[in-house]
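Before any comments, here is the structure.
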Amino acid sequence: MKLDLPDGRQLDLSSPVVMGVLNVTPDSFSDGGRHDQVAPALAMALRMIEEGAGIIDIGGESTRPGAIPVSADEECRRVIPVIEALHRRSDCLISIDTMKAEVIREACRAGAMIINDVNALRSEGALVAAAESGAAICLMHMQGEPRTMQNAPAYAAVVDEVTAFLRERVAACLDAGIPAGRLLIDPGFGFGKRLADNLDLLARLPELAVLGLPILVGMSRKGMLGQLTGRDVGDRLAGGLAATSIAVLNGAVIVRSHDVAATVDAVKVAHAVRLAAQAAARTS
Ligand code: 7PM
């Protein structure tokens, strides 16, 4: 599988790619002065690239459960200087984690080549901005909105509902003139989902392959890992690596993680087993 990029290149997804998380929110690189945010963010991005990240996902608005929304201007003030600095220093792929049309435009102008939208381009103007940018797009499923999504999530059949939602968003993108080669899909672990929903989606991830698009997953440090292991957010690496390995075995080709070095190793092991399983299926 391949992903079409706006510069005419293609991201090779025949082996899985790790997407490193770079949050540029005041609580992540604490300091009042805006300028002081760029240097540590850039250093962290370069470290993740050295550790083997193929994509750096830059976000200026927290989408954690209960998070308060910020304005597009504030989001741009946080992320654009970091995107510009990273784009100057490295030819790594940059993705912009945003739900807003204005941030999509500015980020792509500054060098972002992938749009990672947890709202799947449903915000005002986002679909048109994404289409015009030429960037690749990750469409993620979320029930509700970040502020309230974990209040009372409920599904009759979570895998079918997530698949139907993603199918509708893919159709909206195609209608807007975005070629399928630019699209990724993501079931959105933790976004308006109970533990049982997350487990169902992970176990049945191969069913999402009916959409014919590369699958991205993010499970790093999430609440589902805390529920299963009883551990705080800083101690969920082992649980996250287990979940991520299962996702890769089940067909995920991009893995979003805060812990790039460890995730790169886990993904290599899981991918090797996936190849072995595919080879065995062919010769039987
Ligand atoms: C709960 C929900 C806690 C989400 C933390 C988070 C994803 C993402 C995030 C994902 C894609 C975090 C996240 N998660 N983008 N952004 N897929 N495409 O850990 O699963 O930062 S935010």
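Look at the stretch 189-204: where a residue is touching a residue at least 24 places away in the same chain (Cβ under 8 Å) and a partner is open to solvent by 20 Å² or more (accessible area, probe 1.4 Å) and in a helix (DSSP H, G or I), sitting 6+ places away or on another chain with Cβ atoms under 7 Å, you get Gly190/Gly223; Leu195/Gln227; Leu202/Ile246.
Filter the stretch 141-193 down to the residues that are under 15 Å from Val210 (Cα atoms) and open to solvent by 60 Å² or more (accessible area, probe 1.4 Å) and list them by number. Scanning the stretch 141-193 gives Asp160, Glu161, Arg167, Glu168. Pull out all pairs, ordered by first then second residue, where Cβ-Cβ is under 6 Å, the residues are six or more apart or on different chains, the first lies in the stretch 130-144 and is touching a residue at least 24 places away in the same chain (Cβ under 8 Å) and under 14 Å from Asp117 (Cα atoms), and the second is part of a loop (DSSP other than H, G, I, E, B) and near the ligand (Cβ under 9 Å from one of its atoms). Matching pairs, first to second residue: Met140/Val118; Met140/Gly188; His141/Pro187; His141/Gly188; Met142/Val118; Met142/Gly188; Met142/Phe191.
For Ser71, state whether it is among the polar types (S, T, N, Q), out of contact with any Lys or Arg (no Cβ under 8 Å at 6 or more places or on another chain) and free of Cβ contacts under 8 Å to residues at least 12 places away in the same chain. The answer is yes for Ser71. Looking only at residues in the stretch 214-236 that are aliphatic (A, V, I, L, M) and within 13 Å of the ligand (Cβ to nearest atom), the one that is surrounded by the fewest Cβ atoms within 10 Å (Cβ to Cβ) is Val233.
Picking from Glu124, Glu132, which residue would you name as being more than 16 Å from the ligand (Cβ to nearest atom), closer than 19 Å to Gly60 by Cα and open to solvent by 30 Å² or more (accessible area, probe 1.4 Å)?
Working: Glu132 fails: closer than 19 Å to Gly60 by Cα.
Going through Glu124, Glu132 in turn, the sole match is Glu124.
The values are calculated or read from the model by the stated rules, or taken from the named source; none is laboratory data. Note that the structure is predicted; figures quoted are calculated from it, not measured. Every residue, glycine among them, receives a Cβ derived from its backbone with ideal geometry; neighbour counts consider all protein chains shown. Please note that ligands, DNA and RNA were not included when accessible areas were found on the heavy atoms of the full protein model with its side chains. Shrake-Rupley method; radii C 1.70, N 1.55, O 1.52, S 1.80 Å.
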